[in-house]
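Chemist: Dropping a structure here in structure tokens format, bear with me for questions.
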Amino acid sequence: MFLSIYNKIKILIVEKVRPFTESKYSNPFIFFICFIEAIIFPFPQEIFMIPMMAANQNKIFQIAFYALLGSFAGAVSAYFIGMYFFDLIGMPIIEFYNFETELNTFSENIKEHGFLYVFVGGFSPIPFKLVTLSSGFLGVSFIVFIIASLFSRAVRFFLIGFIIWKFGSNILKAYEKRFNLYTVLIIFIALLIYLVTKFYS
């Protein structure tokens, strides 16, 4: 059922969002989508970003930039929601998505491996809202959170933009099929950087 709804939304987006790309509201729109995705929105922002980028390749990196701004603003907001309003707002969101088990797993090593957890959550298909809300609640260093969030989201959004700009919209189907492979490679690189930094610190 969820997959059916997801596919219907994707079709609707392809039909409606592509023409919307030329509108003056397209940048505020993608900012807003990425903002709420970092807090509560259930669908990944790419279902909006990719059709918009494919529709107007002259605005690809502009869209990626506004997506990064929106996602970062949402991440910071969610961090402070987790820190100050977790019981009131954060936990109901976690429970709504049945993320309790993931939250427990996340909390076990979060303070020691905060950068890695936030980076992986920001780049991979792991729901970013779980990472942002729990980071504030569990006391991840705000500086670490900011750096990892910005880095992971920038890599994710601008990588998508670069692929569309370089190879055209026809590459999107192949990219979607290999997204998990790209995710594993980026996570491996992040882990390697983390281990090297840890070893020499």
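The values are calculated or read from the model by the stated rules, or taken from the named source; none is laboratory data. Source: prediction; values computed, not measured. Here Cβ is always computed from backbone atoms with ideal geometry, including for glycine, and neighbour counts include all displayed protein chains.
Chemist: Out of 44, 19, 51, report the one residue that is outside any helix (DSSP H, G or I) and at pLDDT below 85.
Modeler: So the residue among 44, 19, 51 that is outside any helix (DSSP H, G or I) and at pLDDT below 85 is 44.
Chemist: Now for a different question. Out of segment 108-127, which residues are part of a helix (DSSP H, G or I) and in contact with a helix residue (DSSP H, G or I) (Cβ under 6 Å, 6 or more places away or on another chain)?
Modeler: 114, 115, 116, 118, 119, 120, 121, 122, 123
Residues are listed down the side, and each one gets a yes or a no for (1) free of Cβ contacts under 8 Å to residues at least 40 places away in the same chain; (2) of a type in the set (A, V, I, L, M):
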position: 118; (1), (2): yes, yes
position: 126; (1), (2): yes, yes
position: 133; (1), (2): no, yes
position: 147; (1), (2): yes, yes
position: 152; (1), (2): yes, no
position: 158; (1), (2): no, no
position: 163; (1), (2): yes, yes
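Chemist: Just checking, how many residues over segment 71-107 are at pLDDT below 85, more than 21 Å from residue 146 (Cα to Cα) and assigned to a helix (DSSP H, G or I)?
Modeler: Number of matching residues: 5.
Chemist: Within segment 141-162, does at least one residue satisfy the condition of being surrounded by fewer than 22 Cβ atoms within 10 Å (Cβ to Cβ), in a loop (DSSP other than H, G, I, E, B) and either at pLDDT 90 or above or on the phi < 0 side of the Ramachandran plot (or both)?
Modeler: The answer is yes; a qualifying residue exists.
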